[in-house]
Amino acid sequence: MTIIDLRSDTVTKPTPAMRRAMAEAEVGDDVLGDDPTVKRLEELAAARLGKEAALFVPSGTMANLVSLLTHCGRGDEVILGDQAHIYIYEAGGSAAVGSIHPRPLPNRPDGSIDLDLIEAAIRPNDVHAPRTRLLALENTHNRCSGAVLPLTTMDAAAALAHSRGLALHLDGARVFNAAVALGLEVSTLVAGCDSVSFCLSKGLGAPVGSMVVSTRPFIQEARRARKVLGGAMRQSGVIAAAGIVALNEMVERLADDHAHARRLAEGIAGLPGIVLDPATVQTNIVIFALDRPDMTPQQLAARLHAQDVWLLTMGGPKLRAVTNYHVTAQEIERAIDAFAAVLAP
Ligand SMILES: *Cc1c(COP(=O)(O)O)cnc(C)c1O
């Protein structure tokens with residue numbers, strides 16, 4: 001039987017169209033500014049997000065780090081969620097490399113941060129305080145079950161940030177999932193953001209790469225930050241070609257992943273020991289807890305693995321399943337059956 005790999009949407013492999021585009025990509029030395037395929041990808045990404053310019057980087061982690069380094073100097077402060085990927089999963093890069101001071105505020109279960117808390121956290125102009133430069137949001141929110149921040153939330157946060165002289169960065173690793181879930185153009189959703197990072201290599205299926213999107217002057221500076229981090233690549237048109245296919249062909253189908261995630265959530269929510277409200281599943285991430293005296297989350301994951309259903313434990317009682325384009329509707333049914341068999345009392 002085929003393996004149903006629900007560990008992440010990063011496990012997606014390039015589609016045949018991507019393989020062809022990669023094989024045929026026209027390339028050059030991008031550090032010298034002459035890889036035409038990278039340029040095409042950067043122009044396409046900027047246009048899709050309604051911004052002036054974009055920069056191709058090797059990973060989402062580097063996209064966020066490049067963005068933070070471009071917004072903030074040493075000792076400057078970034079306000080971000082305490083469940084943010086940037087805060088939890090990026091090895092403290094902005095502090096380690098940029099001496100940027102993090103100010104984590106509680107993320108609500110819907111991925112948002114209370115605007116009053118943000119406002120109260122913005123520092124006065126005082127020699128004792130770091131300078132608050134940046135607000136960073138995440139949409140969809142990875143650790144908050146792939147929750148979508150709606151347009152009103154994005155715009156209200158942007159208005160607050162801008163009224164207080166802060167820039168707004170969006171960690172939009174899965175921003176296309178958010179836009180598809182909301183039925184909005186992604187450019188509308190990120191209109192209030194000064195910079196956006198997004199991943200080509202998650203649900204969009206490209207093998208490698210992320211983008212930073214912003215104004216032309218910002219991207220100019222971001223290019224320097226990418227160089228500092230060793231992320232400037234040479235004939236990167238080979239991988240950028242897959243990114244172009246991802247943006248042109250793989251966005252609309254994210255709705256299938258969302259439907260599959262919702263079906264998976266509904267199918268396992270009633271099983272003995274599963275703690276999950278399917279209404280929390282808005283996109284392609286299903287986070288649930290296991291509450292069983294006779295089974296740990298690790299044991300559940302191992303037993304599912306033996307049934308060729310792969311997912312990840314998250315620490316504590318939680319586990320995570322992420323749908324992606326390799327997983328079909330029938331395989332979701334098979335996964336539900338595997339859960340039912342493994343959890344049967
Ligand atoms: C995956 C992810 C990243 C980082 O992307 P990598 O390509 O794995 O470095 C950043 N932010 C969020 C919200 C993510 O889910």
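The values are calculated or read from the model by the stated rules, or taken from the named source; none is laboratory data. All values derive from a computational prediction rather than experimental measurement. Ideal geometry is used to build each Cβ from the backbone, glycine not excepted, and the neighbour counts take in all protein chains shown. The protein model used for the area step is the full one, side chains on, heavy atoms only, and it has no ligands, DNA or RNA in it. Shrake-Rupley method; radii C 1.70, N 1.55, O 1.52, S 1.80 Å.
With respect to the conditions (1) crowded, with 22+ Cβ neighbours inside 10 Å; (2) modelled with pLDDT under 95, LEU311 falls short on a single one, namely (2).
Does ALA63 satisfy the condition of being more than 24 Å from ASP171 (Cβ to Cβ), outside the structural domain of THR323 (by TED's automatic domain parsing) and open to solvent by less than 50 Å² (accessible area, probe 1.4 Å)?
Numbers: more than 24 Å from ASP171 (Cβ to Cβ): no; outside the structural domain of THR323 (by TED's automatic domain parsing): yes; open to solvent by less than 50 Å² (accessible area, probe 1.4 Å): yes.
The answer is no for ALA63.
Residue count for region 257-292 satisfying the condition of being in contact with an Asp or Glu (Cβ under 7 Å, 6 or more places away or on another chain) and in a loop (DSSP other than H, G, I, E, B): 2.
Only residues that are of a type in the set (Lys, Arg), assigned to a helix (DSSP H, G or I) and more than 15 Å from MET250 (Cα to Cα) were counted across region 1-46, and they come to 3. Taken over region 111-133, the criterion of being β-branched (Val, Ile, Thr), buried (at least 16 other Cβ atoms within 10 Å of the Cβ) and more than 10 Å from ALA157 (Cα to Cα) is satisfied by ILE122, THR132.
Do we have any residue at all in region 242-256 that's in a helix (DSSP H, G or I), under 30 Å from ASP29 (Cα atoms), touching an Asp or Glu at 6+ places or on another chain (Cβ under 6 Å) and open to solvent by less than 10 Å² (accessible area, probe 1.4 Å)? No - not one qualifying residue is present in region 242-256.
Which is over 25 Å from MET314 (Cα atoms) and either away from the ligand (no atom under 16 Å from the Cβ) or open to solvent by 60 Å² or more (accessible area, probe 1.4 Å) (or both), of ARG164, ARG108? If you could, list the steps in order and put the result at the bottom.
Details: ARG108 fails: over 25 Å from MET314 (Cα atoms).
So the residue among ARG164, ARG108 that is over 25 Å from MET314 (Cα atoms) and either away from the ligand (no atom under 16 Å from the Cβ) or open to solvent by 60 Å² or more (accessible area, probe 1.4 Å) (or both) is ARG164.
So how many residues does region 177-192 have that are more than 14 Å from VAL212 (Cβ to Cβ) and either among the charged types (D, E, K, R) or open to solvent by less than 10 Å² (accessible area, probe 1.4 Å) (or both)? Of the residues in that region, 6 qualify. Residue count for region 1-26, restricted to those that are touching a residue at least 24 places away in the same chain (Cβ under 8 Å), surrounded by fewer than 21 Cβ atoms within 10 Å (Cβ to Cβ) and among the small types (Gly, Ala, Ser): 2. Looking only at residues of region 19-44 that are touching a strand residue (DSSP E or B) at 6+ places or on another chain (Cβ under 8 Å) and not aliphatic (A, V, I, L, M), we find that the one that is nearest to GLY243 (Cα to Cα) is GLU42.
Considering (1) open to solvent by 50 Å² or more (accessible area, probe 1.4 Å); (2) out of contact with any Phe, Trp or Tyr (no Cβ under 8 Å at 6 or more places or on another chain), the lone condition that LEU290 does not fulfil carries the number (1).
Of all residue pairs spaced 6 or more apart or on separate chains, none has beta-carbon atoms under 7 Å together with a first member in region 27-49 that is outside the structural domain of GLY209 (by TED's automatic domain parsing) and a second member that is open to solvent by less than 10 Å² (accessible area, probe 1.4 Å).
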